[in-house]
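These notes are about the structure you will find just below.
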Ligand SMILES: Cc1ncc(COP(=O)(O)O)c(C=O)c1O
């Protein structure tokens, strides 16, 4: 495996790899994690699928498209080592989580759902809606920072033990959380909840995982998951609108979609009379060209970077080196100190003078407008600390020098940016 490129190899803001992507020349994207980006070659392929679909709509929607969706499901199943019959496609992880929580469980008032304080906002919103409409109850275990895996597992065990016989019916965990970002020990967490209630339905939100971190749904360690969803448009270079949902065969906690119930797609279409996988394959007339590009996006990675493991290992090495370098330049620290708990994104605490939102917002705007660099920031919500941090993403089109440039420009902007005075109301 190649080491991450050294900081002396280039001072240009557009690397040679970046030219493979639709990103603007000269733009430094330190936030791949939010929306991903797509190779030019794949964008061109998608345009050619659009021409085919529009050229003969009936042929596309009645026949050709279904061959593409089956091919895409096979590519995804191979990528995550799953049986193709267990994999369906969706537009995004939000659709998957909504579909599961809104259809797979026949909620009873007082049912409990266990989640961590790092759960993605969308998941919390759906659960809050179920609290209000179905009377479910949430058990939220706090993740503290700096992060320690041992401490987290102890907190979850403590929370479950304190519930005695009223154990959660569902547990929902992120595999890689968003803000703050960390690899959560999902196998161990699933094991804990199933030790307390073997019928607990375990849902894993792996939105950030495919292409960023090892995923083997056929392995022994995954056998306690009931649902797993992952996005492909973040780290697998597909066009926007590509995600998958894996369901465990023979799960005790739910059924697959059928006329009588079971997990459904958000939209039940005219083709719902067919099988579980077809219910998901067609959800009404819309643009399905992104899904048709999935096999090509996966092949594109193999052609350019040999395989996903090599690419994600390179990105992991880069983000560990880069986040440590930024923290050293700022005299701060990482929210997740151990490299083994970091995938391809990392959070660096910002310097004391930048510890307020108004200041960070101004720096973010000036960094974008004046230097064409984009980054995101957030704040920890744990009770032991409330600190502002930046979340940085590594990707093949980035080099260490760009993170160093960002870190020193951040300090320059900090010394020259005055946040507006707090309002006196
Ligand atoms: C952990 C996590 N889950 C779910 C999502 C939602 O993904 P999407 O917007 O593609 O549905 C995100 C998006 O960033 C995420 O970070």
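What translational diffusion coefficient, in µm²/s and rounded to a whole number, does the Stokes-Einstein relation yield for segment 97-246 at 25 °C and a viscosity of 0.890 mPa s, taking the hydrodynamic radius as the Kirkwood radius over Cα pairs? Please list the in-between numbers first.
Details: Rh = 15.7 Å.
Rounded to a whole number, D works out at 156 µm²/s.
Plugging the Kirkwood radius over Cα pairs into Stokes-Einstein for segment 161-280, at a temperature of 37 °C and a viscosity of 0.692 mPa s, what D comes out in µm²/s? Working shown, then result.
On the way: Rh = 15.7 Å.
Estimated diffusion coefficient is 209 µm²/s.
Mind giving me the FRET efficiency for residue 51 and residue 19? R0 is 35 Å, r the Cβ-Cβ distance, nearest 0.05 is fine. Can you show the working numbers first?
Numbers: r = 25 Å, r/R0 = 0.71.
FRET efficiency, residue 51 to residue 19: 0.90.
Just check segment 305-413 against the gyration tensor rule for me: Cα atoms, a ≥ b ≥ c as the square roots of the eigenvalues, rounded for a/c under 1.5, and otherwise prolate or oblate depending on whether a/b exceeds b/c.
On the way: a/c = 2.08, a/b = 1.33, b/c = 1.56.
Note, shape of segment 305-413 comes out oblate.
Post the alpha-carbon centroid distance, segment 276-353 to segment 41-92, in whole angstrom.
After rounding, the separation between the Cα centres reads 23 Å.
Packing-wise, with mean Cβ within 10 Å as the measure, how do 357-368, 52-63, 281-292, 397-408 rank, highest first?
Working: 357-368: 17.2, 52-63: 12.6, 281-292: 18.7, 397-408: 20.7.
In descending order of packing, they fall as 397-408, 281-292, 357-368, 52-63.
For segment 49-139, just the Cα set please: Rg and Dmax, both in angstrom.
Looking at segment 49-139, its Cα Rg and Dmax stand at 18.4, 53 Å.
Nearest 0.05, what FRET efficiency do residue 304 and residue 106 give at R0 = 45 Å with Cβ-Cβ as r? Walk me through the intermediate numbers first.
Working: r = 46 Å, r/R0 = 1.03.
Calculated transfer efficiency: 0.45.
If a/c stays under 1.5 just call it rounded; otherwise compare a/b with b/c (prolate if a/b is bigger, oblate if not). Do that for segment 11-98, with a ≥ b ≥ c from the square roots of the Cα gyration tensor eigenvalues.
On the way: a/c = 2.43, a/b = 1.48, b/c = 1.63.
Oblate, since a/c reaches 1.5 and b/c is not below a/b.
Can you give me the distance in nm between label points at residue 164 and residue 353, each placed 7 Å from the Cα along the Cα-to-Cβ direction?
So the two model labels end up 5.6 nm from each other.
So between residue 216 and residue 286, what do we pick up on full extension, going 0.36 nm a residue minus the alpha carbon distance? Spell out each step's value before the answer.
Working: separation 70, 0.36 × 70 = 25.20 nm, distance 3.12 nm.
The residue 216-residue 286 span can extend by a further 22.1 nm.
Report, for the chain, the % of DSSP beta bridges that are antiparallel, rounded to 5.
Just about 55 percent of them are antiparallel.
Output needed: percent of Cα pairs per 20 Å distance bin for the chain, bins running from 0 to the one holding the longest distance.
Reading upward from the zero bin: 25, 55, 20, 0.
First check a/c for segment 14-60, with a ≥ b ≥ c the square roots of the eigenvalues of its C-alpha gyration tensor; if it is under 1.5, answer rounded, and if not, answer prolate when a/b is larger than b/c or oblate otherwise.
On the way: a/c = 4.62, a/b = 2.58, b/c = 1.79.
Cα axes put segment 14-60 in the prolate bin.
If neighbour count is taken as other Cβ atoms inside 10 Å, put 175, 220 in order from fewest to most. Each step should come with its number before you reach the end.
On the way: 175 25, 220 8.
Placing the least packed residue first, the sequence is 220, 175.
Just from its helices, what would the mean residue ellipticity at 222 nm be for the chain, if runs of 4 or more DSSP H residues each count -39500 (n - 2.57) and the sum is divided by every residue, rounded to the nearest 500 deg cm²/dmol? Don't jump to the answer; show the numbers that get you there.
Numbers: 13 runs with 159 residues, N = 425.
That calculation yields -11500 deg cm²/dmol at 222 nm.
None of the figures in this text is laboratory data; all of them are computed from the coordinates on show. Since the model is a prediction, treat every value here as computed from it, not as a measurement. Glycine also receives a Cβ, built like all others from the backbone with ideal geometry; neighbour counts cover every protein chain displayed.
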